[in-house]
2 protein chains.
Amino acid sequence: MRTISVGLIGFGTVGSGLAEVLLSQKDRLVQRSGLAVRLACVADIMIDELPPQFAGTKLTKDAREMINDPEIDIIVELIGGIEPAKTFVLEAIAAGKHVVTANKALLSQEGKEIFAAAADKGVEVGFEASVGGGIPVIKALKEGLVANNILSIMGIMNGTANYILTRMTDEGIPFADVLKDAQELGFAEADPTYDVEGIDTAHKLAILMTMAYGMNITHNDIATEGISQVEPMDIEFAREFGYRIKLLAISKNHGDNVEARVHPTMVPESHLLASINGAYNAIHFTGDTVGNVLLYGLGAGKIPTGSAVAADVMDIARNIEFEAVGRVPSLSYLPEEIKDITITPMDDLACPWYFRISAKDKPGVLASIAGVLSEYDISIESVIQKGRQETGPVSIVISTHTAPEVAVHAALEKIDHLDVVSAPTVKIRMLDETVSFEG
Amino acid sequence: MRTISVGLIGFGTVGSGLAEVLLSQKDRLVQRSGLAVRLACVADIMIDELPPQFAGTKLTKDAREMINDPEIDIIVELIGGIEPAKTFVLEAIAAGKHVVTANKALLSQEGKEIFAAAADKGVEVGFEASVGGGIPVIKALKEGLVANNILSIMGIMNGTANYILTRMTDEGIPFADVLKDAQELGFAEADPTYDVEGIDTAHKLAILMTMAYGMNITHNDIATEGISQVEPMDIEFAREFGYRIKLLAISKNHGDNVEARVHPTMVPESHLLASINGAYNAIHFTGDTVGNVLLYGLGAGKIPTGSAVAADVMDIARNIEFEAVGRVPSLSYLPEEIKDITITPMDDLACPWYFRISAKDKPGVLASIAGVLSEYDISIESVIQKGRQETGPVSIVISTHTAPEVAVHAALEKIDHLDVVSAPTVKIRMLDETVSFEG
């Protein structure tokens, strides 16, 4: 029986999870492939010995030693971040090793260089674990949906942000309090910026768009807004309108241009994405042949991520065994088919909106606000006026029909300068399924 | 550029859908694989000519002519049913052709013979479209979740049954009326037995269990109950208890034995499966490494099914090109690893229950019923008494804590013989997530 040797760079949470998965699933992988997968070596500068169950695995502090070891077939990079991950990945490719990584920051920023190097060298780069944790979403897009023009991508792709929004929704407590608690429970990192500001979600959307449309894109091309400004009262008003607030990645394919954005979104409670709670992720595709498809599962976690990394390792192991490296292009389209496609400017988009306006409780306030909206052709769907007190501002909450970004920005600029308005207006985009799926 | 030639048996709804998909996605498939897929020939006894867009495709009334044509690489069987499909599939395999089929009845009944023949001959059998329409669920199970011991399978796998239950739930109208309407709208077949009696769902569960556990099973091994006895009032009572009624396929892996059953199930409304409506399907797996995963999409339909068949064709085409036939075993485990595993007898199972008892409106009725339940150690969770009228029976609706099948059958036998009970008791199993996922 052939043995495929894996070298692992990074024995942190995800790395040690992979090691555990390869050990616990060892016999199953043989039964399903006839191949033995061996964790031959681990490189990690932080540890001096491996747990006893990995006695057969070599430990080194020098990743290059492993990269240059001719016995290693596949290098798994699980250190995260741009450097030194990028250097190790490129050196592994240059040494003719196949690479598996969960590093979405690296791929969404440096993917072009990495995939070009891999194509030149004739090695594979697997990255199932970079989006949606253990959910087999990359394989679905590359293979299961191969006969589809992907018309839209929509998803909840960050478990930390979804966990925070779910607890804010269920318990009515502010963002900062939930975040602090999530950090104590290990659901959020000490520096939560990437997760709560939508950057991690943008990394993942960039990877999915590359593969769905066969295009060059980095996460810097994606308009990104996080959830740190979402307040419990917005969640409560959303509920009154029949919506949940979710941090969504949204892309729609208009043929010669494609939308790409990450922002808090009011999702109708009848939509499946409104029911995705806690640390779960869900990614929704619309394809021109398959219609709507949604894939759901844990978006992170030591062992679920290990499931995805192990699946990539097996895919490559089978290709090694069958001398079929390159059988499916890494990015789903052949390298020469990957094009530049224009990103639709945000200013060209339109959607229904939620506004929360802080106004003085005086006669004529609503008339003034409605007058400005009308001036910009923004059509009101419904209005709730809340928080009427003896003194102090009231919240005027408005949902609109579909209105262009440009008009909304101009109208709110004017509304926020009205004498009767006492604080900047909060605006949240609403999901319009008609617009989303039939664009 | 290499051309892979496909022969299609059956140009009905699904067959013509595949032809359309191969035509509309022709360029995309080239861009994603470097291979051209050509629909070389169609065999169908019912038609005399193909639509004009398929001018390059030969039409025959004799499937054997195509099976024996050395230019054909892959035979796609889309006629459905056992015969002559089985004969054509076995003859195609014997002729050294790869086979793709959407025929769940055939595979769940005759799969053992077909897959053995294919393994002997060294050809592939693709069947992504046999479960979940266009949802790439077979590929997920074979490859994406390769590093998982599947602990449970749970799903809504028949779009017709789910469509009927959804309309019964939304509109409060009886099964027979919705079925009639569904037939007129083309959502149900003239003979709906397979769909509404759970047989089609059992076919699909048998296929998934084969692959998930590496076991021999046919749909005859699966305890199957359909939805034709579900009444609007049960749906309404379910709602009062916070549940939806869904036709679920359920399998739990207990290691040395596995559960396998299809029946109407009360699903807590907080569970994602309760939100799967209309003709959509959703399949939920729990794996020991990935945790919970759910895949959602259209479970049928001409073009979505074509998406799945085309994905299988591409998979085989890539294996032909790379001389990697057999790269992934057809049933996810190597043929020699597929075992006989005992199906847990239904009598050994236990779950929470819903009972609707038709009783005379007399003092002491509830005491008699509760007395019998207590005698069999069945613990009541809640009781609703409805329909109190001047004359005629009342409905006593009871939800129970987890109770064994055997005790429930014996207790209801006794209850139905009480003087005060006027009609056979309706019983519906309730989903207990704790039991379902941690079995």
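Considering each of B:Ile384, B:Ile357 in turn, give the residue that is part of a strand (DSSP E or B), more than 10 Å from every other protein chain (Cβ to nearest Cβ) and at pLDDT below 95. Full working, then the answer.
Working: B:Ile357 fails: at pLDDT below 95.
When all the criteria are applied, what remains is B:Ile384.
Sort through B:Glu323, B:Glu269 and tell me the only one that's facing chain A (nearest Cβ under 10 Å), in contact with a Gly (Cβ under 8 Å, 6 or more places away or on another chain), without any contact (Cβ under 8 Å) to a residue 40 or more places away in the chain and among the charged types (D, E, K, R).
B:Glu269
Does B:Thr400 fit the bill of being among the β-branched types (Val, Ile, Thr), within 33 Å of the chain's Cα centre (by Cα), crowded, with 19+ Cβ neighbours inside 10 Å and farther than 18 Å from B:Phe237 by Cβ? Steps first, answer last, please.
On the way: among the β-branched types (Val, Ile, Thr): yes; within 33 Å of the chain's Cα centre (by Cα): yes; crowded, with 19+ Cβ neighbours inside 10 Å: yes; farther than 18 Å from B:Phe237 by Cβ: no.
In short, no.
For the stretch B:121-177, give me the residue count where each residue is within 20 Å of the chain's Cα centre (by Cα) and of a type in the set (S, T, N, Q).
Matching residues across the stretch B:121-177 total 6.
Can you tell me which residues in the stretch A:58-75 are over 22 Å from A:Asp315 (Cα atoms) and either surrounded by 13 or more Cβ atoms within 10 Å (Cβ to Cβ) or modelled with pLDDT under 95 (or both)? I'd like the intermediate steps shown before the answer.
Applying the first criterion (over 22 Å from A:Asp315 (Cα atoms)) to the stretch A:58-75 yields A:58-65, A:68.
Listed by number, the residues that qualify are A:Lys58, A:Leu59, A:Thr60, A:Ala63, A:Arg64, A:Glu65, A:Asn68.
For A:Arg244, indicate whether it is surrounded by 18 or more Cβ atoms within 10 Å (Cβ to Cβ) and either at the interface with chain B (Cβ under 7 Å from one of its Cβ atoms) or touching a residue at least 12 places away in the same chain (Cβ under 8 Å) (or both). Please lay out each step first, then the result.
Details: surrounded by 18 or more Cβ atoms within 10 Å (Cβ to Cβ): yes; either at the interface with chain B (Cβ under 7 Å from one of its Cβ atoms) or touching a residue at least 12 places away in the same chain (Cβ under 8 Å) (or both): yes.
Answer is yes for this residue.
Working only within the stretch B:217-264, note down all residues that are out of contact with any Gly (no Cβ under 7 Å at 6 or more places or on another chain), among the basic types (Lys, Arg) and assigned to a strand (DSSP E or B).
Residues satisfying the conditions are B:Arg244, B:Lys246, B:Arg261.
Which members of the stretch B:81-114 meet the condition of being surrounded by fewer than 17 Cβ atoms within 10 Å (Cβ to Cβ) and within 23 Å of B:Ser307 (Cβ to Cβ)?
Once the filter is applied, which keeps residues that are surrounded by fewer than 17 Cβ atoms within 10 Å (Cβ to Cβ) and within 23 Å of B:Ser307 (Cβ to Cβ), the stretch B:81-114 yields only B:Gly81.
Name the residues in the stretch A:157-168 that are more than 13 Å from chain B (Cβ to nearest Cβ) and outside any loop (DSSP other than H, G, I, E, B), would you?
Narrowing the stretch A:157-168 to residues more than 13 Å from chain B (Cβ to nearest Cβ): A:157-158, A:160-165, A:167-168.
Scanning the stretch A:157-168 gives A:Thr160, A:Ala161, A:Asn162, A:Tyr163, A:Ile164, A:Leu165, A:Arg167, A:Met168.
Between a residue in the stretch B:213-237 that is aromatic (Phe, Trp, Tyr) and any residue that is surrounded by fewer than 18 Cβ atoms within 10 Å (Cβ to Cβ), which pairs come within a Cβ distance under 8 Å, given they are 6 or more apart or on different chains?
B:Phe237/B:Ile384; B:Phe237/B:Lys386
Select, from B:Leu35, B:Leu18, B:Leu78, the only residue that is out of contact with any Asp or Glu (no Cβ under 8 Å at 6 or more places or on another chain), within 14 Å of chain A (Cβ to nearest Cβ), closer than 29 Å to A:Lys142 by Cα and surrounded by 14 or more Cβ atoms within 10 Å (Cβ to Cβ).
On the way: B:Leu35 fails: out of contact with any Asp or Glu (no Cβ under 8 Å at 6 or more places or on another chain); B:Leu78 fails: within 14 Å of chain A (Cβ to nearest Cβ).
On inspection, the qualifying residue turns out to be B:Leu18.
Taking the residues in the stretch A:282-293 that are of a type outside the set (Gly, Ala, Ser), crowded, with 24+ Cβ neighbours inside 10 Å and in a strand (DSSP E or B) as candidates, determine which candidate is nearest to the other protein chains (Cβ to nearest Cβ). Lay out the reasoning, then the answer.
As a first pass, look at the stretch A:282-293 and keep what is of a type outside the set (Gly, Ala, Ser): A:283-286, A:288-290, A:292-293.
When the remaining residues are screened for being crowded, with 24+ Cβ neighbours inside 10 Å, the result is A:283-285, A:289-290, A:293.
Subsequent filtering for residues that are in a strand (DSSP E or B) retains A:283-285, A:293.
Numbers: A:Ile283: 11, A:His284: 8, A:Phe285: 9, A:Val293: 4 Å.
Step by step, filter the stretch A:282-293, then rank; the result is A:Val293.
Report, by residue number, each residue of the stretch A:326-336 that is crowded, with 17+ Cβ neighbours inside 10 Å, in contact with a helix residue (DSSP H, G or I) (Cβ under 6 Å, 6 or more places away or on another chain) and either more than 8 Å from chain B (Cβ to nearest Cβ) or of a type outside the set (A, V, I, L, M, F, W, C) (or both).
A:Arg327, A:Ser330, A:Leu331, A:Ser332, A:Tyr333 - these are the residues of the stretch A:326-336 that are crowded, with 17+ Cβ neighbours inside 10 Å, in contact with a helix residue (DSSP H, G or I) (Cβ under 6 Å, 6 or more places away or on another chain) and either more than 8 Å from chain B (Cβ to nearest Cβ) or of a type outside the set (A, V, I, L, M, F, W, C) (or both).
Picking from A:Ile156, A:Ile135, which residue would you name as being hydrophobic (A, V, I, L, M, F, W, C) and in contact with a helix residue (DSSP H, G or I) (Cβ under 7 Å, 6 or more places away or on another chain)?
A:Ile156
If the Cβ limit is 6 Å and pairs must be 6+ apart or interchain, which residue in the stretch B:116-127 that is in a helix (DSSP H, G or I) pairs with which residue that is surrounded by 23 or more Cβ atoms within 10 Å (Cβ to Cβ)?
B:Ala117/B:Ile93; B:Ala118/B:Ile93; B:Ala118/B:Val125; B:Lys121/B:Ile93
Restricting the stretch A:294-310 to residues that are among the hydroxyl-bearing types (Ser, Thr, Tyr) and more than 30 Å from B:Val14 (Cα to Cα), which is nearest to the other protein chains (Cβ to nearest Cβ)? Show your work before the answer.
Within the stretch A:294-310, the subset among the hydroxyl-bearing types (Ser, Thr, Tyr) is A:296, A:305, A:307.
Still in the list and also more than 30 Å from B:Val14 (Cα to Cα): A:305, A:307.
On the way: A:Thr305: 9, A:Ser307: 4 Å.
Across the stretch A:294-310, the extreme among qualifying residues is A:Ser307.
Assess whether A:Ala119 counts as being within 18 Å of A:Gly159 (Cα to Cα) and surrounded by fewer than 24 Cβ atoms within 10 Å (Cβ to Cβ).
Details: within 18 Å of A:Gly159 (Cα to Cα): no; surrounded by fewer than 24 Cβ atoms within 10 Å (Cβ to Cβ): yes.
No.
Sort through B:Asp177, B:Asp200 and tell me the only one that's part of a helix (DSSP H, G or I), at pLDDT 95 or above and in contact with a helix residue (DSSP H, G or I) (Cβ under 7 Å, 6 or more places away or on another chain).
Sole residue among the options that is part of a helix (DSSP H, G or I), at pLDDT 95 or above and in contact with a helix residue (DSSP H, G or I) (Cβ under 7 Å, 6 or more places away or on another chain): B:Asp200.
Going by the conditions given, is A:Gly306 more than 26 Å from A:Ile217 (Cα to Cα), of a type outside the set (Val, Ile, Thr) and buried (at least 23 other Cβ atoms within 10 Å of the Cβ)? Steps first, please.
Values: more than 26 Å from A:Ile217 (Cα to Cα): yes; of a type outside the set (Val, Ile, Thr): yes; buried (at least 23 other Cβ atoms within 10 Å of the Cβ): yes.
Judged against the criteria, A:Gly306 is a match.
Given the conditions (1) in a helix (DSSP H, G or I); (2) away from every other protein chain (no Cβ under 14 Å), which single one is not true for A:Ala274?
(2)
Out of the residues in the stretch A:311-320 that are facing chain B (nearest Cβ under 9 Å) and touching a helix residue (DSSP H, G or I) at 6+ places or on another chain (Cβ under 9 Å), which is farthest from A:Gly126 (Cα to Cα)? Steps first, answer last, please.
The first filter runs over the stretch A:311-320 and keeps only residues facing chain B (nearest Cβ under 9 Å), leaving A:311, A:313-315, A:318-319.
From what's left, touching a helix residue (DSSP H, G or I) at 6+ places or on another chain (Cβ under 9 Å): A:311, A:313-315, A:318.
On the way: A:Ala311: 9, A:Val313: 8, A:Met314: 10, A:Asp315: 8, A:Arg318: 13 Å.
Selected residue: A:Arg318.
The values are calculated or read from the model by the stated rules, or taken from the named source; none is laboratory data. What you see is a predicted model, and the numbers here were worked out from it, not measured in a lab. When we count neighbours, we look across all protein chains shown, and the Cβ atoms used for this are built from the backbone with ideal geometry, even at glycine.
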